[in-house]
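The values are calculated or read from the model by the stated rules, or taken from the named source; none is laboratory data. In this text the structure is predicted, and so the values were computed from the model without any measurement. All Cβ positions, even for glycine, are placed from backbone atoms using ideal geometry, and neighbour counts span all protein chains on display. Accessible surface areas use protein heavy atoms only, side chains included; no ligands, DNA or RNA. Shrake-Rupley method; radii C 1.70, N 1.55, O 1.52, S 1.80 Å.
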Amino acid sequence: MKVKNFFKLFVLMLALSVSFYSCDDDDNEQEIEEVVNDDTKGTNEEEVVVESAPKYVFFFIGDGMSSPQINVTEAALNDPDFQLKSVGIGKLNLRQLPVTGMQTTHAEDRYITGSAAAATALATGKKTTIGTISMNGDHSGNIKTMAEMARDKGMKVGIISSVSIDHATPACFYAHNESRNNYQEIGQDLINSGFDYFAGGNVRFNKYKDYSLADFKSDAQGKGYSYVSSKTDFDELNEGSGKVIATLKSLESFTGDGSAMPYAIDLDEQANDDKISLADFTKKGIEVLDNENGFFMMVEGGKIDWACHANDVVSAAMDMMAFDDALGVALEFYNQHPDETLIVVTGDHECGGLTLGFAATGYETAFDLLKYQSRSFWSFTNDVIGWAQTGEKTFQEALSDVQKVFGLGDAGKGLALSDYEKGLLEDAFNRSMTGESAHANEELAVIYGYYDPFTVTVTHILNNKAGIDWTSYSHTGTPVPVFALGIGQEAFGGYYDNTDIGNKIIDIALLNQ
Ligand SMILES: [Zn+2]
């Protein structure tokens, strides 16, 4: 009986630890005492004068994307084997955006921001507090978003995300809530928004209190939405489809990864119905939204952030490429409508404290070593959880799996493991197999974060061998670059605050008129 209870507890602990892999922890993270000064809360709003407002506005947000994420992806792209996995470009599409700026990202009440406060700043031009969805920091009132302004102006509106469509970043464009975790209420705001196209991850119906996915679908249909989850139905969507909520088939039942789309690196392993990329959702969005009054479209690459929380640079780079492929679709549209389009690309914050350079590799880098990783940290962690449940995996067998999935341990690939690295892996393996709490003490918190000890040690060693390192499992306060192309692009040059981006887009597109 005792053994049985212990096993139950162990499974519960694993389930709890898995729930942390989905970056829902912004609200649970230890509050950082550093609070911004009052005089940094305001924005340096300048009147933006444009001759004509863009008819088509694309706002691309790479969650967790700052300069290091961009640099490391381009470094990987320079390897021909990596290139084969993307669209065959040598540089990211975002290089085609001629105007570059830089933004500060702090929240109203914390220096290092979270996705809700950051997306509120980007969507509304106003600072708010951590965890708040497009409301004032004290939750005394809602703040109208640029997407709602576009809707009220008669433009069509599309919201696309690779994570759940009610996650903090997309939610900040259509919902108003004191907490990003109130998924049921955010889902109601979604179907009441009147927006025209929601696509990507599903709603997080497993977080609903007294409501089901069937209830959501039925109520969405009552508000005029078609809920589409098969690839065949998705392919048939067009400008006559009316209001649409489009997601992946598997996400009607699978909620294990936060109702998000799979990591781009794992896309090939998915069932056919689920082989819809962020670029596919973007391309279809243009078809559905294009109309004589124009449209506003927000596209989020949400899993760049999740991969960076987990310190898995290969999964982050692959999701960066998926995000950049989606941008490529918008650039094709721009080339057909250069005098009527504005495209803005930025991130909401950096994540992981990613850096190009590592203490033990000094000035050397070896990005080509990254190409041997074939699955995401998340996919591999599920294997490790399975091993812990059966208790039958030996360390040597685990090392053999690591070699298959990451190339690590294969001397022929330049990935031989030193005794020091083997020691790190064995310690981590033992901790993964016993389910030791990652935050049992300060040392474990530093070396594993909230992640599976074995998996995160594997990605750390592979990343370090390539000359890449991480300083955090959370977001950082590093400023974030901004890229712009099209009508009003000049306004995005310079160094400014994240709220200024929201205000610039609202002003240039005359959304508040
Ligand atoms: Zn995050």
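So the values come out like this:
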quantity	calculated
Unmet requirement for Ala279, which otherwise passes all of (1) part of a loop (DSSP other than H, G, I, E, B); (2) of a type in the set (Gly, Ala, Ser); (3) open to solvent by 10 Å² or more (accessible area, probe 1.4 Å)	(1)
Where a residue in the range 148-172 is assigned by TED's automatic domain parsing to the domain that holds Ile191 and its partner, wherever it lies, is assigned to a loop (DSSP other than H, G, I, E, B) and modelled with pLDDT under 95, with Cβ under 7 Å and at least six apart	Met149/Asn512
Conditions (1) open to solvent by less than 10 Å² (accessible area, probe 1.4 Å); (2) more than 23 Å from Ser229 (Cα to Cα): number failed by Asn293	(1)
Output for the range 396-421, where each listed residue is part of a helix (DSSP H, G or I) and within 32 Å of the chain's Cα centre (by Cα)	Ala398, Leu399, Ser400, Asp401, Val402, Gln403, Lys404, Val405, Phe406, Lys413, Glu421
The range 490-502, residues that are touching a helix residue (DSSP H, G or I) at 6+ places or on another chain (Cβ under 9 Å), in a helix (DSSP H, G or I) and open to solvent by 10 Å² or more (accessible area, probe 1.4 Å)	Ala491
Residue count, the range 382-424 (criterion: open to solvent by 60 Å² or more (accessible area, probe 1.4 Å) and of a type in the set (Phe, Trp, Tyr))	1
Looking only at the range 100-151, and only at residues there that are within 16 Å of the ligand (Cβ to nearest atom) and open to solvent by 10 Å² or more (accessible area, probe 1.4 Å), the one that is farthest from Ser66 (Cα to Cα)	Ile130
Answer residue from the range 245-267, given it is in contact with a Lys or Arg (Cβ under 8 Å, 6 or more places away or on another chain) and assigned to a helix (DSSP H, G or I) and is most open to solvent (accessible area, probe 1.4 Å) among those	Lys249
Residue that is nearest to the ligand (Cβ to nearest atom), among those in the range 284-311 that are of a type in the set (Asp, Glu) and in a loop (DSSP other than H, G, I, E, B)	Asp290
Residue match in the range 443-450 (condition: buried (at least 19 other Cβ atoms within 10 Å of the Cβ) and away from the ligand (no atom under 16 Å from the Cβ))	yes
